[in-house]
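**Q** Take this structure, written in structure tokens, and hold onto it; I'll ask about it next.
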Amino acid sequence: MSTLDTTRATTTPTGRRKAPVTDGRAGSRDAGRKPTSTIIVTAILVIVALYFLVPVYWVVINATKSSEDLFGSSGFWFGESFQLVENIKAVFTANDGIFPRWGLNSLLYSGVGSVLATYFAAAAGFALAKYRFPGRKFVYALVLGGVLVPGTAVALPLFFLFSSIGITNTYWAVLIPSLVSPFGLFLASIYAGAAVPDEMLEAGRLDGVGELGLFHRLALPQLTPAIVTILLFQFVAIWNNYMLPLVMLADERLYPITLGLDNWRAQTDRLPEFYQLTVGGALMSVIPLAILILVLQRFWRGGLTEGSVKG
């Protein structure tokens, strides 16, 4: 055996070979690499976390300030007075209490749109992954094309289409486009192809389960992590959507929070107190998203853990 080998095989008196014994040099090299890569990955994650958390921190801090402190103190620390409660009350009472209406509109658009879009994406993704039919590849190419097209590019064509059938400036003008999620369909098809065994579907068919039953009773439980991911992404996308409501809606009572806050921001040159309303409203708009993430993450983690055990 060469002296350059990093392992040595030994033999017992009975003639049986023992497990190879390493000299530790290869392990020391791996141990030297791991701390460096861990530090780099951790640093990148910290930078990304700061990128997302610093704006939220700024909003929380400045939502507690008066108009004087908002411009006369550092944006990253509290002012002389703490007026969080007063600012929140002002947000909910301004313009005859229009902000709660905007919040309910956003919940309607995001809640109904994300739930239906997730269901449609899961069903279509399951069909693309598990059924073979003419034109399947063409449909898949259209889905990929839809992922690449930004929402702002289709807002104006949708306006002309909805205007021709008379549903602009209604809830439907924002809800109907929200029911389509090309990214969700793509993700569901990829996950269904990997997580739903064909043998399980065949066993269900032998037991007399129909095709809809196969999807609802067998496939959906396996798709839980993908469903939670699609639901979360779609809810956040609809909640933060600005361009589509801007194009479709003219009635202030139909505005979501994003468009309403921009309406308040546009009045800051004339009335400086709208700065406080805009910052306080931005803080209130973050709370539903934080609650949604906290509620769904246990289903997300549970589904991923279950999938890893099964694998």
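Values in this text are rule-based calculations from the coordinates and carry no lab data. Note that the structure is predicted; figures quoted are calculated from it, not measured. Here Cβ is always computed from backbone atoms with ideal geometry, including for glycine, and neighbour counts include all displayed protein chains.
**Q** Using 0.36 nm per residue, how much length does the chain from residue 167 to residue 236 gain when fully extended, once their Cα-Cα distance is taken away?
**A** Stretched out fully, the residue 167 to residue 236 stretch lengthens by 22.4 nm.
**Q** Right, next: Quick one: which of 192-201, 249-258, 110-119 comes out on top by average Cβ neighbours within 10 Å, and what's the full order, highest first?
**A** In descending order of packing, they fall as 110-119, 249-258, 192-201.
**Q** Which FRET efficiency value, to the nearest 0.05, is calculated for residue 92 and residue 175 with the Förster distance at 25 angstrom and r the Cβ-Cβ distance? Working shown, then result.
**A** Details: r = 25 Å, r/R0 = 1.01.
FRET efficiency, residue 92 to residue 175: 0.50.
**Q** Projecting each Cα onto the charge dipole of the chain (Lys/Arg +1, Asp/Glu -1 at the beta carbon, about the Cα centre), which of 204, 285, 234 comes out farthest on the positive side?
**A** 204
**Q** Relative to the longest principal axis of the C-alpha atoms of the chain, give the angle of the C-alpha long axis of helix 151-165, reported between 0 and 90° and rounded to the nearest 10°.
**A** Roughly 50 degrees, rounded to the nearest 10.
**Q** How high is the FRET efficiency from residue 298 to residue 216, r the C-beta distance, R0 22 Å, rounded to 0.05?
**A** Approximately 0.45, to the nearest 0.05.
**Q** Right, here's the next one. Kindly give the semi-axes, whole Å and largest first, of the ellipsoid equivalent to the stretch 164-256, taking each as the square root of 5 times a Cα gyration tensor eigenvalue. Can you show the working numbers first?
**A** Details: eigenvalues 275, 44, 18 Å².
Square roots of five times the eigenvalues give 37, 15, 9 Å.
**Q** So the label point goes 7 Å from the Cα of residue 268 along Cα→C-beta, right? Which residues of the stretch 79-103 then have their backbone N under 16 Å from it?
**A** Residues passing the 16 Å test: 91.
**Q** Let me know the charge dipole size of the chain about its Cα centre in debye, to the nearest 20, where only the beta-carbon of Lys, Arg (+1) and Asp, Glu (-1) is charged.
**A** Working: 23 positive and 19 negative charges, 331 e Å.
Around 1600 debye, computed over the chain.
**Q** Further, regarding this structure: Using every pair of alpha-carbon atoms in the stretch 154-194, split the distances into 10 Å bins beginning at 0 and state the percent of pairs per bin, rounded to integers.
**A** Going out from 0 Å in 10 Å bins, the stretch 154-194 shows 26, 37, 21, 14, 1 percent.
**Q** With a 10 Å radius around each residue's Cβ, average the other Cβ atoms per peptide and rank 80-90, 287-297, highest first.
**A** For the peptides 80-90, 287-297, the packing ranking is 80-90, 287-297.
**Q** Take the Cα atoms of the stretch 86-310, find their three principal axes, and give me the spread along each one in whole Å, biggest first.
**A** Per principal axis, max minus min of the Cα coordinates gives 69, 42, 28 Å.
**Q** Write out the trypsin sites (Lys or Arg not before Pro) in the stretch 119-221 meeting two conditions: DSSP loop, and at most 12 other Cβ atoms within 10 Å of their Cβ.
**A** Answer by residue number: 132.
**Q** Considering the dipole of the chain built from charges on the beta carbon (Lys and Arg +1, Asp and Glu -1) around the Cα centre, which of 259, 246, 115 is farthest to its positive end?
**A** My answer, from the dipole projection, is 115.
**Q** Moving on to the next point. Hey, with R₀ at 30 Å, roughly what FRET efficiency would residue 290 and residue 198 work out to, going by the Cβ-Cβ distance, to 0.05?
**A** The pair residue 290/residue 198 has a calculated efficiency of 0.15.
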